[in-house]
Amino acid sequence: MSCSKCNEKFILKNSFGVLFFVSEIEELVKKLELFFNNLSIDCENSNGLLIIKTKDVYKFFHKNLEKFKNYFNELERNTIKIFISDNEKSFTIQSILKAKPLQRFINIFDDQDFFDIVNNESLTAHFQPIIDVKNNQIYGYETLSRGVKEDGSLMYPNILFEKSKRNDYNFKLDRLCRETALKTAATKKIHQKVFINFIPTSIYDPEFCLKSTEKWAKQLEFDPSQIVFEVVETELVKDQRHLKNILEYYRSQNFKIALDDVGEGYSSLNMLIELKPDIIKIDRNIINSINTNHLKQSVYRALFNLSKEHNITVLAEGIETKEEFETIKEIGVDLAQGYYFAKPSSEPIRKI
């Protein structure tokens, strides 16, 4: 059984199509009808459902792209929904559920490079080493996803997920990133721990949504205890029960759990108490210039002591200078990560 959200491909075809325009707002339907009339586009109004037949769906949107942008504001573009079919009698109640906002059809042109990456699964992973401070050896690697454009250049995570969020593609992108991290780590023959980011809001049912990740881990013969799933964007998690369910599922498969950006705000501190992760990554804003900031030192010390009381491993991330590293070593730290040791690279650094 497959998930439509994780396997969705949003593509406009160069072919005949019937476009059904619908909106819950009656005034917006009237505005839309006037828009088509002004452009001399044949439009049938069937009880508030606007129907347009076009010889080429792709050309229709490409030709009217800027006109849609100029005539409707962003809120309106997200309120107008469109369903495409090759049959004018095919519109049903189910069609409403499958309809996409007008803004998504605009984005497919503005974000074409993103859609190409995700639809073609053109992703790779870079690796940043994580250091075991006690023995100065590489403990593991954080995997950082990169999209590979058609010209070979890279799209970095901040852009990938910005475009993904506005196109409602986080479910698919998050799954692809998890799987790519495992596949690339296996290809690079990494035997240390592999840290893989995931967004909790992109998983609606862990037992269902994480099956493919679990499958690849087994197929690539990873020891589950060597894989650390790292919770990111904790400030967006409103349902802690849901997050607990995800982490309990990971733990039931013997994976390890890390909580990212701890100390960034109240939400992450609250989660530290509630979730009891195996590892916490202390937010880089606390690490930055910690050697000259006594308040940051106090915050870090409190987090370290709290973690040690509950047998949680402490990872300081974002270390960029020798002075920062020396300060956190003096206070206490288990693992360290940052540009001071190495930047992310396509080929894992084997020795520090």
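The values are calculated or read from the model by the stated rules, or taken from the named source; none is laboratory data. As the structure is a prediction and not an experimental result, all values here were calculated from the model. Neighbour counts are summed over all protein chains in view; Cβ atoms, including those assigned to glycine, are modelled from backbone coordinates with ideal geometry. Note: areas computed on protein heavy atoms with side chains; ligands, DNA, RNA excluded. Shrake-Rupley method; radii C 1.70, N 1.55, O 1.52, S 1.80 Å.
Listing for the model above:
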| item | result |
| --- | --- |
| Test: residue in region 318-333 that is closer than 24 Å to PRO224 by Cα and open to solvent by 40 Å² or more (accessible area, probe 1.4 Å) | no |
| Among (1) modelled with pLDDT under 90; (2) not in a loop (DSSP other than H, G, I, E, B), the one test that ILE159 misses | (1) |
| Of all residues in region 9-61 being acidic (Asp, Glu) and part of a helix (DSSP H, G or I), the one that is least open to solvent (accessible area, probe 1.4 Å) | GLU33 |
| Region 289-312: number of residues that are open to solvent by 70 Å² or more (accessible area, probe 1.4 Å), polar (S, T, N, Q) and not in a helix (DSSP H, G or I) | 1 |
| Any hit, region 95-107, residues being in contact with a strand residue (DSSP E or B) (Cβ under 8 Å, 6 or more places away or on another chain), at pLDDT below 95 and open to solvent by 60 Å² or more (accessible area, probe 1.4 Å) | yes |
| Scope region 318-339; condition of a type outside the set (Asp, Glu) and out of contact with any helix residue (DSSP H, G or I) (no Cβ under 6 Å at 6 or more places or on another chain); matching residues | THR321, LYS322, PHE325, ILE328, LYS329, VAL333, LEU335, ALA336, GLN337, GLY338, TYR339 |
| Filter result for SER346 (hydroxyl-bearing (Ser, Thr, Tyr) and open to solvent by 50 Å² or more (accessible area, probe 1.4 Å)) | yes |
| Odd one out for SER153 among (1) under 23 Å from LYS211 (Cβ atoms); (2) among the hydroxyl-bearing types (Ser, Thr, Tyr); (3) open to solvent by less than 50 Å² (accessible area, probe 1.4 Å); (4) free of Cβ contacts under 8 Å to residues at least 12 places away in the same chain | (1) |
